[in-house]
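Taking it in order: structure first as structure tokens, then the write-up.
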Amino acid sequence: MSYKIIITGGAGFIGSHLVRHFVNKYPDYSIINLDKLTYAGNLENLKDIEDKSNYAFVKGDISDAAFINNLFETENPDAVIHLAAESHVDRSILNPGDFINTNIIGTLNLLNAARSIWNPGSDKNLFYHISTDEVYGSLGKEGYFTEETAYDPRSPYSASKAGSDHLVRAFFHTYNMPVVVSNCSNNYGPYQFPEKLIPLMIHNIVNRKALPVYGQGAQTRDWLWVLDHVYAIDLIFHKGKVGETYNIGGSNEWQNINLVNTICSIMDKKLNRKTGDSAKLITFVKDRAGHDMRYAIDASKIKNELGWKASIGFEQGLEQTIDWYLANEEWLEHVTSGAYQNYYEKQYEER
């Protein structure tokens, strides 16, 4: 079956990997990449597919209802895979309204537009909403987030994502819209904007800049290779049950300080520096307000029901990620030369 799919946020980190995967794997699908091209969206991520006949890019803002309605009426997509979002916790603390506008109002606009053109009961239509494990709040030293975990968002960012999750499920129950939701753990890999922990540390080590670590670095995160996330999205899109939620996690829990030290060790070897040289750049900074201590996902549902499993171990994935950034310093310097340079060099997001 051929599809016309709008992928929102397709010029971003996860989105660009997903767009490339769908364009290349499914040549009979028509893929429309809808992205506002904010600081984190970069069409350079997709230069290798920009001339493909089944790919098109549309610049636009999901918070603009009139624009979204016109796009859906013109393109008549069969499905939506929705990744577009404001995603940085610190930015949400400073400007929560931006996150409500994009993450909640934008999602509502997409839902309304899809509902206006889709025929109730069609097996071909699907609204796939991609979310985060941060909606579940913070874990103690033990336990895992499951699909049944109650929502307990702690930041404006996670609250806005929780709100959008609830909206999507409400459209399923109220309007019988075919939807599916997935919540993922921290992604890492190539093309990630360096406001996130791993690429920021790589960038700062290369340039011998301070490596900011919140508090004492005791926060724990579960890390997921971005392409393993893409493979999971593919499975859910094609085989997931309408109305269901699937958690996607890497089963790779690391305390921030241990991860930063590991990156330092790998970078010392790759840059031919003395052992411990990069670790000297670690600088402990004031902890973020409401900083969640631990996230960890139980991904047994998607493994058992859809057959998904991670394809790569964290150490291997981390080394491949570092190699990519070192081989693509021009890309990194280009995306770090804008207005946010001073901001992200001092603060990071563990995602």
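None of the figures in this text is laboratory data; all of them are computed from the coordinates on show. It should be emphasised that the depicted structure is a prediction, and the values quoted were computed from it without experimental measurement. Virtual Cβ from ideal backbone geometry, glycine too; neighbours counted across all protein chains shown.
A few points about this structure:
- Shape parameters for the range 287-338, alpha-carbon atoms, Rg then Dmax in Å: 17.2, 44
- For the chain, the relative contact order comes to 18 percent (Cα pairs under 8 Å, sequence separation of at least 6).
- Phi-based couplings in Hz for the range 286-303 (Karplus 6.51, -1.76, 1.60; Gly and Pro marked x): 4, 5, 5, 5, x, 5, 5, 7, 8, 10, 7, 10, 8, 9, 5, 5, 5, 5
- Modelled FRET efficiency - R0 25 Å, residue 275 with residue 333, Cβ distances, 0.05 increments: 0.40
- Within straight-line cross-link reach of residue 4, aspartates and glutamates at Cα separation under 12 Å, skipping those fewer than 8 residues along the same chain: 28, 75, 78
- Mean Kyte hydropathy of -0.5 or more with a Cα span along the axis of at least 24 Å, helices from DSSP in the chain: 156-175
- Amide hydrogen proximity for residue 211: with H placed 1.01 Å from N in the peptide plane, the residues at 5 or more positions away or on another chain lying under 5 Å are 282, 283.
- Over 16 Å [Cα-Cα, the range 1-103], rounded percent: 56
- The calculated FRET efficiency for the pair residue 65 and residue 123, based on their C-beta separation and a Förster distance of 25 Å, comes to about 0.35.
- Positive-end residue, the range 123-236 charge dipole about Cα centroid, Cβ charges, pick of 201, 164, 224: 201
- Among the chymotrypsin sites (Phe, Trp or Tyr not before Pro) within the range 112-158, those in coil by DSSP and having at most 16 neighbouring Cβ atoms inside 10 Å are 151.
- Euclidean distance between Cα centres, the range 33-91 to the range 253-304, Å: 31
- Of the beta bridges in the chain, as assigned by DSSP with both residues counted there, near 5 percent are antiparallel.
- Amide proton proximity set for residue 138, modelled H, under 5 Å, gap of 5+: none
- Charge dipole magnitude, Cβ of K and R +1, D and E -1 - the range 176-234, Cα centre, debye nearest 20: 340
- In the calculated pair-distance distribution of the chain, the portion above 27 angstrom amounts to 44 percent of the Cα-Cα pairs.
- Relative contact order computed over the range 1-110 (Cα-Cα under 8 Å; 6+ residues apart), in percent: 31
- 10 Å Cβ shell holding at most 12 others, DSSP loop, GluC sites (Glu not before Pro): longest site-free stretch of the chain: 149-351
- Convex hull volume of the range 169-212 per residue (C-alpha atoms, cubic angstrom): 104
- About the Cα centre, charge dipole magnitude for the range 1-140 (Lys/Arg +1, Asp/Glu -1 at Cβ), debye: 200
- Given R0 = 51 Å, the distance between the Cβ atoms of residue 142 and residue 175 translates into a calculated FRET efficiency of 0.85.
- Note on residue 262 and residue 323: the extension gain reaches 20.5 nm, defined as 0.36 nm multiplied by sequence separation minus the Cα-Cα distance.
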